[in-house]
1. Tell me which residues, restricted to region 96-121, are part of a strand (DSSP E or B) and in contact with a helix residue (DSSP H, G or I) (Cβ under 6 Å, 6 or more places away or on another chain).
2. Assuming residue 28 fulfils every condition listed in (1) surrounded by 10 or more Cβ atoms within 10 Å (Cβ to Cβ); (2) under 23 Å from residue 111 (Cα atoms); (3) more than 18 Å from the chain's Cα centre (by Cα) apart from one, which condition is it?
3. When you scan region 89-122, how many residues do you find that are surrounded by 10 or more Cβ atoms within 10 Å (Cβ to Cβ) and under 30 Å from residue 48 (Cα atoms)?
4. Working carefully through the options 69, 23, 14, find the one that is in the same structural domain as residue 110 (by TED's automatic domain parsing) and either in a loop (DSSP other than H, G, I, E, B) or farther than 28 Å from residue 105 by Cα (or both).
5. Considering 58, 46, which residue is surrounded by 10 or more Cβ atoms within 10 Å (Cβ to Cβ) and touching a helix residue (DSSP H, G or I) at 6+ places or on another chain (Cβ under 9 Å)?
6. I need the full set of residues from region 31-43 which are surrounded by 10 or more Cβ atoms within 10 Å (Cβ to Cβ) and within 22 Å of residue 110 (Cα to Cα), in order please.
């Protein structure tokens, strides 16, 4: 393979990556516009079928990250080889023990997950 061919392929690759980046940004903008049409909670799933026969499934959620250092017995954790937050028990603390939840929440970072939109032709 000659230098001209590899230079041409490299230029094509750069153009393709630029196209991908532009398409990704546009896709995210459209997904955000779609999600803005519906009142989804912080952790919810909804499916709608459009008039032109397309099915949209939208989903939102939360991600939880446990602090590296936390007091034993304050934050509910699952004991495996890897220590991880017991999300179900953590969320149950919110209503069953608000004071305990407040204390535990000092050691847990909660961030929204990227909402997703999937598309299918019906």
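1. Matches in region 96-121: 117 only.
2. Among (1) surrounded by 10 or more Cβ atoms within 10 Å (Cβ to Cβ); (2) under 23 Å from residue 111 (Cα atoms); (3) more than 18 Å from the chain's Cα centre (by Cα), residue 28 violates only (3).
3. So the count comes out to 11.
4. 69
5. Answer to the check: 58.
6. 32, 35, 40, 42, 43
The values are calculated or read from the model by the stated rules, or taken from the named source; none is laboratory data. Computed from a predicted structure; not experimentally measured. For neighbour counting, all protein chains shown are included, and Cβ atoms are generated from backbone atoms with ideal geometry for every residue, glycine included.
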